[in-house]
1. I'd like to know if region 59-81 contains one or more residues that are at pLDDT below 90 and open to solvent by 70 Å² or more (accessible area, probe 1.4 Å).
2. Of the residues P36, P30, which single one is open to solvent by less than 80 Å² (accessible area, probe 1.4 Å) and modelled with pLDDT under 80?
3. Answer with yes or no whether S86 is open to solvent by less than 50 Å² (accessible area, probe 1.4 Å), under 25 Å from T5 (Cα atoms) and of a type in the set (S, T, N, Q).
4. Kindly list, by first and then second residue, each pair from a residue in region 43-57 that is on the phi < 0 side of the Ramachandran plot and without any contact (Cβ under 8 Å) to a residue 24 or more places away in the chain to a residue that is part of a loop (DSSP other than H, G, I, E, B) and surrounded by 13 or more Cβ atoms within 10 Å (Cβ to Cβ), limited to pairs with Cβ atoms under 8 Å and residues at least 6 apart or on different chains.
5. Checking the conditions here, which among R100, R96 is under 22 Å from A15 (Cα atoms) and either open to solvent by 70 Å² or more (accessible area, probe 1.4 Å) or of a type in the set (D, E) (or both)?
Amino acid sequence: MDTETSARVERERAAWDAVRVDQSFKDRFPAVFENPHLRDCEASFYRRVEAYAANATVLDYGCFDGQSSAGLLGFGPRAVVGIDVSPAAIALARARFDDRRLSFLAADAHRLPFADRSFDLVVGRAILHHLHLDIAYREV
């Protein structure tokens, strides 16, 4: 990985580790979450996930505190693996959710620690703008 991408990963890790993980994003940014456009986007996203998640092994690419990973369980996957660059967020996810189908790992989305074709479905929400896209796309 190039120096620019490595520096970006370190900036993101530091920023996300500094986020107050005990405070909901919805509490911090209510205007973002309380609008009809977001609700429509969310509904579309979950319809698409539902179509592919049953009996799948799912990677939640940028899971933060695990809430999104746990939410995916309602679609019947075999397993959900949540990754995030922030060790603090991953620690919170592990503490919050205890389900044998869930696992969480601090990892750089540019260098996933999994063999090729380990997942049937990769989902991510609000992560791409944090990444070097050419590298992330190749990794996924």
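The values are calculated or read from the model by the stated rules, or taken from the named source; none is laboratory data. On a predicted model such as this, the values are computed, not experimentally measured, just so you know. In this analysis, Cβ positions are derived from the backbone assuming ideal geometry, glycine residues included, and neighbour counts consider all displayed protein chains. What goes into the accessible areas is simple: the full protein's heavy atoms, side chains included, and nothing from ligands, DNA or RNA. Shrake-Rupley method; radii C 1.70, N 1.55, O 1.52, S 1.80 Å.
1. No.
2. P30
3. Considered against the rule, which asks whether it is open to solvent by less than 50 Å² (accessible area, probe 1.4 Å), under 25 Å from T5 (Cα atoms) and of a type in the set (S, T, N, Q), S86 comes out as yes.
4. These pairs meet every condition: A54/P77.
5. Result: R96 is the single residue among R100, R96 that is under 22 Å from A15 (Cα atoms) and either open to solvent by 70 Å² or more (accessible area, probe 1.4 Å) or of a type in the set (D, E) (or both).
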